[in-house]
Amino acid sequence: MARAELIEAMFYFKIILFIFLLVDRPVYGSVSKQDFEVLKKDFLSFIVPFAQKVKPEFEQEIIVLENQRGFGAFSGHPMRIFQGVLDSKPMTIDALAMVLCHEIGHDLKIARFYTPNELSYAFEHLEQDYFAAYACFRPLVKSSKLLKSLMLTPSQLNEIPLSIQDQCAKNFPQADAEICLRSIHAGWRSMQGLYQDYLFDAYENIWGLPAPSMERAWLGGYDSIQARILNFINASLNEKPLI
């Protein structure tokens with residue numbers, strides 16, 4: 001993605017975030033236990049044979065930590081999802097699918113950055129986001145009966161800047177353009193669902209104000225959540241990773 005396009009995308013995201021802070025926060029439906037169980041089954045049916053191409057011994061299970069109301073998801077065997085993620089108002093089924101794709105990337109060791117320091121941790125998450133949107137979410141939507149049955153609502157579509165909608169339409173035929181939009185929306189909503197307090201209460205970093213740590217310098221001047229959203233966009237559009 002060219003620098004000018006990145007600047008334009010950031011401009012629209014600033015407007016959207018500013019509106020979120022000015023008006024009442026929209027109330028979105030959280031993911032039901034029934035939908036989660038269907039998604040989990042579809043996801044495992046897709047990801048296990050996919051992962052076994054990289055790790056022949058790969059097996060996986062996903063459990064919900066029902067006593068945990070925080071906003072967390074953890075890779076490993078089994079993969080663990082906090083109940084708070086399912087209950088989070090911004091979370092959608094697409095967004096949860098993106099979270100599962102991100103976490104499975106950790107298990108497959110897709111990222112290059114695995115040394116134990118904060119810089120590699122930040123880069124690793126960017127790489128897993130890129131893997132999730134570029135290599136996992138798209139084929140998962142095409143293989144999952146549940147995900148194939150879904151579409152963005154008009155209000156959800158309106159959350160995506162028109163400039164990015166145009167890029168999806170330009171880069172893909174109609175069916176894949178819809179998945180491109182859903183992938184971007186899923187990445188955006190997964191960030192809201194996992195970091196909603198941060199997004200709504202401390203998003204001054206998005207507007208270019210001083211960040212509270214060196215993380216912006218590590219990520220090329222971007223705040224970490226901002227960088228992750230932009231990386232979801234790049235991956236969904238088949239552009240190069242942000243970092």
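Structural remarks
- Packing rank of 83-94, 168-179, 56-67, where each peptide gets the mean count of other beta carbons within 10 Å, highest leading: 83-94, 168-179, 56-67
- Where labels lie 7 Å past Cα in the beta-carbon direction, separation of residue 53 and residue 65 in nm: 3.2
- Of the peptides 230-241, 95-106, the order by per-residue mean of other Cβ atoms within 10 Å, starting with the highest, comes out as 95-106, 230-241.
Laboratory data are not the source of any read-out in this text; all were calculated from the coordinates shown. In this text, all values refer to a predicted model and were calculated from it rather than measured experimentally. Please note: Cβ atoms are built from the backbone with ideal geometry, for glycine as well, and neighbour counts cover all protein chains shown.
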